[in-house]
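The values are calculated or read from the model by the stated rules, or taken from the named source; none is laboratory data. Keep in mind that what you see is a predicted model, and the values were worked out from it rather than measured. Cβ placement follows ideal geometry from the backbone for every residue including glycine, while neighbour counts extend to all protein chains displayed.
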Amino acid sequence: MTELQKQTLQLYAKQLRLPTFTRCEDVVRQMEPVQGYADFLIELMKRELDAREDRAQKRRLKQAGFPYLKTFDELDLSRFEHVSEATLQELMTCDFIRKRQNVVMTHFRHPDTKVTRIKNQTEIEL
């Protein structure tokens, strides 16, 4: 790709708000010689979609205003002695969302338990 082509691609990508298109050379290098133009476009568009979803998730987390970001992987399960590990593991899967079930956190009313922390971590994992 010539320098003029790179600059033109950057200009159009900026105007169309497609920032990942400026990195199309990465896609070209990873493609097999037998793959055609359609495969190239599909891969490029997939990368753009992935990048947009990633940015949207980061934006939603920032807008949520969580005091800190912590995932279930960082959660110390030993602090929740009064709650079975199976219950915590089930919450971590977020399966209740797919099943459209409500979750009532009555088990988490122990004074040492941080209900907000579990709730925040469940929201982050979504």
Pairing a residue in the stretch 84-101 that is farther than 17 Å from Asp73 by Cβ with any residue that is of a type outside the set (Asp, Glu), where Cβ atoms lie under 8 Å and the two sit 6 or more apart in sequence or on different chains, gives Thr87/His107; Phe96/Asn102; Phe96/Val103; Ile97/Leu126
Tell me which of these Thr71 doesn't satisfy, since it passes every other one: (1) without any contact (Cβ under 8 Å) to a residue 40 or more places away in the chain; (2) farther than 28 Å from Thr2 by Cβ. (1)
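If only one of Lys99, Lys70 is at pLDDT below 75 and either out of contact with any strand residue (DSSP E or B) (no Cβ under 7 Å at 6 or more places or on another chain) or within 30 Å of Leu18 (Cα to Cα) (or both), which one is it?
Step by step, each of Lys99, Lys70 is checked, and only Lys70 is at pLDDT below 75 and either out of contact with any strand residue (DSSP E or B) (no Cβ under 7 Å at 6 or more places or on another chain) or within 30 Å of Leu18 (Cα to Cα) (or both).
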Counted residues, the stretch 69-105 - those being within 17 Å of the chain's Cα centre (by Cα) and not in a helix (DSSP H, G or I): 4
Among what's in the stretch 43-56 and is loosely packed, with under 13 Cβ neighbours inside 10 Å and of a type in the set (A, V, I, L, M), pick the residue that is farthest from Thr20 (Cα to Cα). Ala56
Mind listing whichever residues of the stretch 29-68 are among the hydroxyl-bearing types (Ser, Thr, Tyr) and either in a helix (DSSP H, G or I) or in contact with a Cys (Cβ under 8 Å, 6 or more places away or on another chain) (or both)? Tyr37
